[in-house]
Amino acid sequence: MKIAYFDCSSGIAGNMVLGALIDAGVNPTLLREKLHKLQGTRYKRQINYKLKISKIKHNGLVSTNVEVKFKREKQHRNLQDILKIIRQSKLSKQVKAQSTKIFTRLAEAEAKVHGVKTNQVHFHEVGAVDAIIDIVGSCICLEILGIEKIFASPLPIGKGTIKHVHGILPIPAPATAQLIKGIPTYGVDVKAELVTPTGAAIISTLATGFVDIPRMKIEKIGAGSGSLTFPNLPNQLRVFIGEAELPTQKDTILQIETNIDDMAPESFAGTIRKLMQAGALDAFITPILMKKNRTATLLTVLCLPENREHILNSLFDVTTTLGVRISLVSREKLKRNIINIKTKYGEAKIKLGKLGGKIKTIAPEYEDYKKIAEKHHIPIQKAYKSIKESTWKKISPGK
């Protein structure tokens, strides 16, 4: 899966998103061609603008700056006006859908803070031509780059005030504050608007989560420039693009093996029990055929590296082996949660295996369903099935 991660350590604005995606590899000529499809609308109020793309340097770091040059319009557009332009354009269905969601979310935030209906919001700075180009252009770039999922870092909030058509407003601006509700944020000692309403609308609509950079194979990096220069901040938005790695939990364990041909088969049950008591993650046996047609048993023990000495001491105590083979092996595993489930037969522990938040495996604890089976005189498989059914009902009611 192709994913994009936005590092918002200097904040986020619409033109910064667009600049970062261009810097990550979007051809400006292709972007201009696709943006021109907005002009294919039958809606009478056309969009007149020029897109200026340049490289600039903040605090020694180069990034791509995007400016939308246009004449100030006498009339403001409302949400319906903007959605008509998008809907009647020749843009792709994906770009239309994403752009519509972003502008609708932006209008809802503005309506909330001004106490009006959504379509009564008159877009001023945030709804001018530059916002249309920033939002639609960003959605076009995401499509060109083949982005399937978006993540972002927590958002930094500056301090102070900004001039607005409604007067002097505190930072974050009221609409921005609405847009970032539920998103991780933190304060920084910068007197400026680091997160703009347009930037907040884009990232809060499209991002799946606001987390540390996910596990991914980074293929492209882009940097989009903000318009201001700060003493101790590069004022650039970085985007990392690449293939997501499967979100399993990874670790490294020891695999200890030995071939044994001089122990009675019935003794291995006690051997495994003692190895597990010594701290083994698992221990098991495999029948093997050795040289000279001798039958034997392969004993395998898995343990954490820090338990190596303890396991070896125990293994030499409980087996007849003269030596072992030790390998360092990587392991990928599901994230595990243990919960208690009440069934009609009693309570039992369950292991839930999760991958990226989705439950992939339900594993009832063997000792628990064994006790249930013995207590109620039912087949062990019936106890197992009852516990699994009760678990699904609890975690997925109605399914």
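Laboratory data are not the source of any read-out in this text; all were calculated from the coordinates shown. What you see is a predicted model; the values in this text were computed from it and never measured. Neighbour counts are summed over all protein chains in view; Cβ atoms, including those assigned to glycine, are modelled from backbone coordinates with ideal geometry.
Structural remarks
- Protection proxy ranking of 32-39, 238-245, by the mean of other Cβ atoms within 10 Å over each peptide's residues and highest first, is 238-245, 32-39.
- Taking HIS76, HIS58, HIS377 as the candidate residues, the one with maximal mean-square fluctuation in a Gaussian network model of the chain, Cα springs under 10 Å, is HIS377.
- Stokes-Einstein translational diffusion, the chain - Kirkwood Rh over all Cα pairs, 1.306 mPa s, 10 °C, in µm²/s: 61 µm²/s
- Footprinting exposure proxy ranking of LEU61, LEU21, fewest other C-beta atoms within 10 angstrom first, gives LEU61, LEU21.
- Among LEU228, LEU145, the ranking by other beta carbons within 10 Å of each residue's beta carbon, starting with the fewest, stands as LEU228, LEU145.
- For the range 335-395, size of Cβ-based charge dipole, Lys and Arg +1, Asp and Glu -1, in debye: 320 debye
- Fluctuation leader among GLU306, GLU67, GLU332 - the chain, Gaussian network, Cα springs under 10 angstrom: GLU306
- Based on Cα contacts under 8 Å between residues 6+ apart, the range 248-399 shows a relative contact order of 22 percent.
- The range 181-209 and the range 265-328 have their alpha-carbon centroids 55 Å apart.
- In sequence order, the range 222-236 has phi-based couplings of x, 10, x, 8, x, 8, 9, 10, 10, x, 10, 9, x, 6, 9 Hz under the Karplus curve 6.51 cos²θ - 1.76 cosθ + 1.60, θ = phi - 60°, and Gly or Pro positions carry x.
- For the chain: relative contact order, % (alpha-carbon pairs under 8 angstrom, 6 or more apart): 18 percent
- R0 of 41 Å, Cβ-Cβ distance LYS117-LYS52: FRET efficiency to nearest 0.05: 0.70
- Fewest-first sequence of ASP23, ASP261 by Cβ atoms within 10 Å of each Cβ: ASP261, ASP23
- Cβ-defined net charge surrounding ILE241, 15 Å radius [Lys, Arg +1; Asp, Glu -1]: -1
- Net +/- balance of residues flanking ILE221 in space, Cβ distance below 11 Å, scoring K and R +1, D and E -1: -1
- For the range 297-364, the gyration tensor built on C-alpha atoms gives a prolate shape. Its axis ratio a/c (a ≥ b ≥ c) is at least 1.5, and a/b is the larger of a/b and b/c.
- Between GLN249 and ARG32, residue separation times 0.36 nm minus the direct Cα-Cα distance comes to 73.9 nm.
- Net charge over other residues, Cβ less than 12 angstrom from the Cβ of ALA97 (K, R count +1; D, E count -1): +3
- LEU233 long-range amide H proximity, modeled H, under 5 Å: none
- Max mean-square fluctuation residue, GNM over the chain, Cα-Cα springs under 10 Å, options ALA383, ALA296, ALA207: ALA296
- Global geometry of the range 122-203, whether rounded, prolate or oblate, following the gyration tensor of its Cα atoms and the 1.5 cut on a/c: oblate
- Separation of the alpha carbons by more than 18 angstrom is noted, of LYS274/LYS375; LYS2/LYS250; LYS335/LYS360, for LYS274/LYS375; LYS2/LYS250.
- Across all Cα pairs in the range 185-272, the calculated P(r) in 10 Å bins from zero up to the longest distance comes to 10, 27, 22, 11, 9, 9, 9, 4 percent per bin.
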